[in-house]
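Working notes for the structure below.
Each value in this text was obtained by applying a stated rule to the coordinates, not by laboratory testing. Note that this is a predicted model, so its numbers are computed, not measured. Cβ placement follows ideal geometry from the backbone for every residue including glycine, while neighbour counts extend to all protein chains displayed.
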Amino acid sequence: MNWQAIALSLKLAVCVAGILLAAGMPIAYWVTFSRWRWKFVVEAVVALPIVLPPTVLGYYLLVGLGPRNFPGRVLQSLFGHTLPFTFGGLLVASVLYSLPFAVQPFSAGLETVDRRLIEAAWTLGASRLATFFRVILPLSAAGAVTGVVLSFAHTIGEFGVVLMVGGNIPGVTRTISIDIYDQAQSGNYAAANHTALLLLLFSFLVLSIIYGTNRRAVSLWRKP
Amino acid sequence: MSLEVAIEKQVQGFRLSVEFKADGAPLGLLGSSGSGKTMTLRAIAGLETPDRGRIVLHGRVLFDSEARINVPARARRIGLLFQNFALFPHLSVAENIAFGLRRLAPQERERRVSQQMTAAHLEGMEDRYPATLSGGEQQRVALARALATEPAALLLDEPFSALDTHLRGALERHLRETLARYAGSTVFVSHNLEEAYRVCEDLVVLARGTAAAQGPKEEIFRHPPTLEVARLTGCKNFSRARRAPDGLIEALDWGCRLRVSQPFARPPEYIAIRAHHVRVLPVGEFKAERRENIFPCRLVAMTETPFRVTLDLRIIGNMGGPAESEPASGAEFQIQAEVFKQQWDSFRDVPQPWLVELSPERVFLLPD
């Protein structure tokens, strides 16, 4: 078993889940509570990675983050090197690729919060930020947990974007799914099988947690 | 201590345009659903932005469209009691009441919470969660939560509508006592006129976004300014009216002429009387010296409620002669009388016709 690849995947997934919790929640909040009429455009953009082939997203990121384009050059001057084929590049790509898997459950969770509770918090003097942390977040915790777990799992399992943007550098960008691909390509089926089974069990566990906690979270405040 | 409101807002289907002032005594906003009363309350609380107008609370401008002032809800210091109470389900009773007290020192916070818990008769329920409370307890927690922040005004949005009838009496008493102690301005929204009458001193009657009547409650109930207000305040009997000789008023739909003690300058469009002011008596009780506004009648229909009976009566003539004008036929022109069961039992077996008295002090005239 390639522990280096497993460790890398875990590190990447933890970073992505953390970033998406911090960055995806404000997006989800805006999507849920904004009354802007063109809101759907933003929603569609956020949801793009669900339908887009990973290679397409990966291609644009590779080109966009590369030294020939503006975003790439800005990042180059910031970090001293371009992002493709580095862990940083992998992180940017993974965050974008998993964005809808965080934002949509967050937003579904926020949707379940009774507007009157939010208004009640305001009339009691709470600021918008305080209202978010004291009322909205606790009441939509199930959505937040689902979003974090889903983006974590989705990052563990991604392949196309990683290959396009990160390549296959051991210890830097060779994640668990690429390792399986490598093993299978070189005819090393026993090793591929081990890792694949690990991923399968992991995915099953994650989904079980999500469905299990969601049901509990729904009934959490209803009963003593 | 006063709350001055003068706002306009385009709402779906109508234009809200109200102006009123609430002083120390509770002010009632009375109106049917969709009349704009909840919208008015939300605008005062800062949850809706009026298109135009001004809201001033104890000299502090909360909203002024011309000066571009719009104080956010969190800074208005207005307590709002929501129709469904809006208790935070993830917080205990004590945490709910302490929600708006974050800025206070812990000792002061605890003092206020326990003070409100006592006042709301919630002792021992500190650690309970809203889902385990009865509707009445939830209402008391919500009221305590709003009062704990010592708001400059208190807004109550149909506080009894989510409760079972048997709970209302005691809770209403609790609310009246609480409001009597409360120093700020209170606005009480209700569609139940009796409730509004009991809780408030002054009333604003809203109909399709505008105030159809406003003033002291006795005045509004005794002399509703329009047909609509009369209906909204629960009056059931109306008849088209015109002047008749001898200073009488002819009630065209009831088919009788009536003496009215209310002075009335303009030509009246309608004459009205409340169902519980209509007196029904057996012919035997008729005294010759009192014959004005008393007519023979027949019972057309009756409805029984536990303690009262509603009688639909039709006037069939005049004392000592036929009716001056033939009533327009049809069931809609009956007079509804509401009498207590005991009274009903005293004359129910007496052969008809009976007598109906529409006392000159009780009938009132309305413009269109």
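Sites listed here are trypsin sites (Lys or Arg not before Pro) in region B:46-129 whose DSSP assignment is loop and whose Cβ has at most 11 other Cβ atoms within 10 Å: B:R68, B:R103.
Highest mean packing comes first when the peptides B:352-360, B:118-126 are listed by Cβ atoms within 10 Å, giving B:352-360, B:118-126.
Think of it as helices only: each DSSP H run of n ≥ 4 in chain A is worth -39500 (n - 2.57), and spread over all residues that comes to -25000 deg cm²/dmol at 222 nm.
What shape does region A:50-202 take by its C-alpha gyration tensor, where a ≥ b ≥ c are the square roots of the eigenvalues and a/c under 1.5 counts as rounded, a/b above b/c as prolate, and the rest as oblate? Oblate, since a/c reaches 1.5 and b/c is not below a/b.
Taken over the protein assembly as shown, lysine pairs spaced eight or more positions apart, or on distinct chains, with alpha carbons under 21 Å apart number 7. If I fit a long axis through the Cα atoms of helix A:189-220 and take the longest principal axis of the Cα atoms of chain A, what angle between them do I get, 0 to 90°, rounded to 10? Roughly 0 degrees between the two axes.
Residues of region B:84-127 falling in the label zone of A:D114, defined by backbone nitrogen less than 12 Å from a point 7 Å along Cα to beta-carbon, are B:84-91. Rounded to the nearest 10 degrees, the inclination of helix A:54-65 to the longest alpha-carbon principal axis of chain A is 90 degrees. Computed over region B:187-254, the Cα gyration tensor eigenvalues convert (square root of 5λ each) into semi-axes of 28, 12, 11 Å, ordered from largest to smallest. Peptide B:69-76 shows a mean partner chain C-beta count of 3 within 10 Å per residue C-beta. Can you give the FRET efficiency for B:E361 and A:K39, using 1/(1 + (r/R0)^6), R0 = 60 Å, r = Cβ-Cβ distance, to the nearest 0.05? Step by step, r from the Cβ atoms, then E = 0.45.
Within region A:9-64, list the trypsin sites (Lys or Arg not before Pro) lying in a DSSP loop whose Cβ has at most 10 other Cβ atoms in a 10 Å radius.
Within region A:9-64, the qualifying trypsin sites (Lys or Arg not before Pro) (loop, at most 10 other Cβ atoms within 10 Å) are A:R35, A:R37.
When the Cα positions of B:V204, A:I27, B:P306 are compared along the charge dipole of the protein assembly as shown, A:I27 comes out farthest toward the positive end, with charges on each C-beta of Lys, Arg, Asp and Glu.
Consider all pairwise Cα distances in chain B and report the whole-number % of them above 27 Å. The answer is 57 percent, as a whole percent. Computed from backbone phi with θ = phi - 60° and the Karplus coefficients 6.51, -1.76 and 1.60, the 3J(HN,Hα) list for region B:257-267 is 10, 10, 8, 10, 7, 5, x, 8, 7, 6, x Hz; x is used for glycine and proline. The C-alpha atoms of chain A define a longest principal axis, and helix A:3-33 lies at about 30 degrees to it. Counting only Cα atoms, the size of region B:32-131 along its three principal axes is 48, 35, 23 Å, in decreasing order. For region A:76-84, putting each phi into the Karplus relation 6.51 cos²θ - 1.76 cosθ + 1.60 with θ = phi - 60° gives couplings of 4, 5, 6, 9, x, 8, 6, 7, x Hz, in residue order, rounded to whole numbers and with x for Gly and Pro. Phi angles across region B:57-73 convert, under the Karplus curve 6.51 cos²θ - 1.76 cosθ + 1.60 with θ = phi - 60°, into 3J(HN,Hα) values of 10, 6, x, 9, 6, 9, 8, 8, 5, 6, 7, 6, 9, 8, 5, x, 3 Hz, Gly and Pro given as x.
Where both partners of a DSSP beta bridge lie in region B:3-227, what percent of those bridges are antiparallel, to the nearest 5? Don't jump to the answer; show the numbers that get you there.
Details: 27 of 45 bridges.
So the antiparallel bridges amount to about 60 percent of the total.
Where only DSSP H runs of four or more residues are counted, chain B gives -6500 deg cm²/dmol as its mean residue ellipticity at 222 nm, each run worth -39500 (n - 2.57).
Note on B:123-129: average number of Cβ atoms from other chains within 10 Å of each residue's Cβ is 1.
Sparse packing (at most 15 other Cβ atoms within 10 Å of the Cβ) combined with a DSSP loop state is found for the following trypsin sites (Lys or Arg not before Pro) in region A:43-115: A:R68.
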